[in-house]
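The values are calculated or read from the model by the stated rules, or taken from the named source; none is laboratory data. Here the structure is a predicted model, which means the values were calculated and not measured. All Cβ positions, even for glycine, are placed from backbone atoms using ideal geometry, and neighbour counts span all protein chains on display.
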């Protein structure tokens, strides 16, 4: 269930109240008084998930400013009914509410120091994983990386045709990946200085071999990861599924940095760059297609 809050101008109150009362899936419409600064009336209501997007769009069209309108998902527990049956709300955790999805996407873009720090840490851990040919370290780096959020935000921007949001998403994602690459490169240079590794060392064997070569598996894994990443973003399970996205980004980025640090530009760094580029495109396409399909299904369900 969603809780709606709208600060409505005095001349729009009656119209807004009538619109909410007449809409299916809306109940408990309440007037809560006036604000001291603008004289706007606070109107609240409970919305079923299926009614949330239409209610928001309706109020916006009637003149309620977007900055004065908000919805929040709330967990509700009802008491037992007379016959002993629980009066629970229907499970709407999988219902796509576009207003909620776009707001979450906007919140997740922006080049913050904490984001870059996480990407740098992921690059360092993955670099050691590449050098040591350790799958455990590479998986650990994928768990640290937060690149799922800007990737899914970019998909939301494409479906919603929001070019500015798309630019902000890429402006978050690409510098983050570059930070991971640079961190891996600096780790490799440090290992060279200390004599742990040397120019010409072979890093192409073992679990990291596929990171420098585009293959059918590259495309297939990226497609599956893109679908899983978008679904997890919508259901607020992104921390649990973030590794699915990072398996296609962080290892290749770290491999690129390590290969560059060892002087393997043609055999290693450029191959890893190709893998990373293909993965990003496929991830974005899969995430966008998943979201677009869900939105189309929701629209058909409401029609």
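The single condition from (1) farther than 12 Å from residue 131 by Cα; (2) touching a residue at least 24 places away in the same chain (Cβ under 8 Å); (3) not in a helix (DSSP H, G or I) that residue 180 fails is (3).
Put simply, of 134, 114 the only residue that is without any contact (Cβ under 8 Å) to a residue 12 or more places away in the chain, out of contact with any strand residue (DSSP E or B) (no Cβ under 9 Å at 6 or more places or on another chain) and surrounded by fewer than 20 Cβ atoms within 10 Å (Cβ to Cβ) is 114. From 120, 157, which residue is at pLDDT 95 or above and farther than 13 Å from residue 258 by Cα? From the options 120, 157, the qualifying one is 120.
Mind listing whichever residues of region 94-111 are within 18 Å of residue 145 (Cα to Cα) and either buried (at least 17 other Cβ atoms within 10 Å of the Cβ) or touching a strand residue (DSSP E or B) at 6+ places or on another chain (Cβ under 6 Å) (or both)? Residues satisfying the conditions are 105, 108, 109.
Taking the condition outside the structural domain of residue 296 (by TED's automatic domain parsing), modelled with pLDDT of 80 or more, surrounded by fewer than 14 Cβ atoms within 10 Å (Cβ to Cβ) and not in a helix (DSSP H, G or I), does residue 72 pass? Yes, satisfied. Across region 28-47, the number of residues qualifying as within 31 Å of the chain's Cα centre (by Cα) and surrounded by fewer than 18 Cβ atoms within 10 Å (Cβ to Cβ) comes to 1.
Taking the listed residues 238, 246, 210, 205, the one that is surrounded by 24 or more Cβ atoms within 10 Å (Cβ to Cβ), under 20 Å from residue 139 (Cβ atoms), out of contact with any strand residue (DSSP E or B) (no Cβ under 9 Å at 6 or more places or on another chain) and modelled with pLDDT under 85 is 246, with no other qualifying. Are any of the residues in region 190-197 in contact (Cβ under 8 Å) with a residue 40 or more places away in the chain and not in a loop (DSSP other than H, G, I, E, B)? Looking for residues that are in contact (Cβ under 8 Å) with a residue 40 or more places away in the chain and not in a loop (DSSP other than H, G, I, E, B), one finds at least one in region 190-197, hence yes. Only residues that are outside any helix (DSSP H, G or I) and surrounded by fewer than 24 Cβ atoms within 10 Å (Cβ to Cβ): list them for region 147-177, please. Scanning region 147-177 gives 161, 162. The numbered conditions (1) under 21 Å from residue 9 (Cα atoms); (2) at pLDDT below 90 are all true for residue 51 except (1). The listed residues are 4, 31, 59, and the only one of them that is modelled with pLDDT of 85 or more, on the phi < 0 side of the Ramachandran plot, touching a strand residue (DSSP E or B) at 6+ places or on another chain (Cβ under 8 Å) and assigned to a helix (DSSP H, G or I) turns out to be 59.
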